[in-house]
Amino acid sequence: MSAARKLLIFGGLTLAALGMLYGLYYALFVEHQTLDRLGGSLATAFVEAAQRNLPAAQSALNGYAETKYDYVRQVDAHSHWIGLAMIMIIFGAALERTAFTERTRFFIAIALALGSFSFPGAVILQTFTYGSSLPSGLAVAGSALIIGAMAAAVVGFARDGSSVLPRR
């Protein structure tokens, strides 16, 4: 088994486990409180608006927006980790069919692994540093690594001459 294949398959399995464990932690210890805050702030906003207390309604809507921002990123991060893990495993099984040297395949595997771990991690960092551009920049860099690695793999598959799918 090549180094690129090992990195992608075992890295993908590790990333899938990390994503599932994070999702389990979030579901058991955080999600219910977050959903309570979402519902409570939205209900408060409606009550305050009905009472024509617009500053309090706006404050409650701001609380809803901040909580929703956090919730969406937490849920997206763990699901992206799991989805990217599946892509890593699939690429690990098929990457040797590319028309690249083992060294190039290994660089593609490193880029995909680094991007797959860092992109969702940076999305979680966005919830701790609300409004900061550093986590957003890290998320963009991680996603760029993923896109670059996938594009390189597509080029390698296209240059291979054989086909993953049977030709007609």
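The values are calculated or read from the model by the stated rules, or taken from the named source; none is laboratory data. Bear in mind the structure is a predicted one, so any value in this text is a computation, not a measurement. Positions of Cβ are generated from backbone atoms using ideal geometry, with glycine treated the same way; all protein chains shown enter the neighbour counts. In case anyone asks, the SASA skips ligands and DNA or RNA and just uses the protein heavy atoms, side chains included. Shrake-Rupley method; radii C 1.70, N 1.55, O 1.52, S 1.80 Å.
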Check on Phe107, under 11 Å from the mean Cα position of the chain (by Cα) and open to solvent by 60 Å² or more (accessible area, probe 1.4 Å): no
The stretch 125-140, residues that are touching a helix residue (DSSP H, G or I) at 6+ places or on another chain (Cβ under 7 Å), open to solvent by 20 Å² or more (accessible area, probe 1.4 Å) and aliphatic (A, V, I, L, M): Leu125, Leu138
Hits in the stretch 54-98 (condition: more than 25 Å from Ala16 (Cα to Cα), of a type outside the set (Ser, Thr, Tyr) and open to solvent by less than 40 Å² (accessible area, probe 1.4 Å)): Ala56, Ala57, Ala60, Gly63
Filtered residues of the stretch 116-162 (kept if in contact with a Phe, Trp or Tyr (Cβ under 9 Å, 6 or more places away or on another chain), more than 15 Å from Ala77 (Cα to Cα) and aromatic (Phe, Trp, Tyr)): Tyr130
Counted residues, the stretch 105-124 - those being farther than 24 Å from Leu21 by Cα and touching a helix residue (DSSP H, G or I) at 6+ places or on another chain (Cβ under 6 Å): 3
Selected residue (only one of Ala45, Ala57, Ala49 is part of a helix (DSSP H, G or I) and either more than 25 Å from Arg73 (Cα to Cα) or under 31 Å from the mean Cα position of the chain (by Cα) (or both)): Ala49
Selection within the stretch 142-156 - open to solvent by less than 50 Å² (accessible area, probe 1.4 Å) and not polar (S, T, N, Q): Gly142, Ile146, Gly148, Ala149, Ala152, Ala153, Gly156
Residue in the stretch 159-168 that is buried (at least 19 other Cβ atoms within 10 Å of the Cβ) and either part of a helix (DSSP H, G or I) or out of contact with any Asp or Glu (no Cβ under 8 Å at 6 or more places or on another chain) (or both) present: no
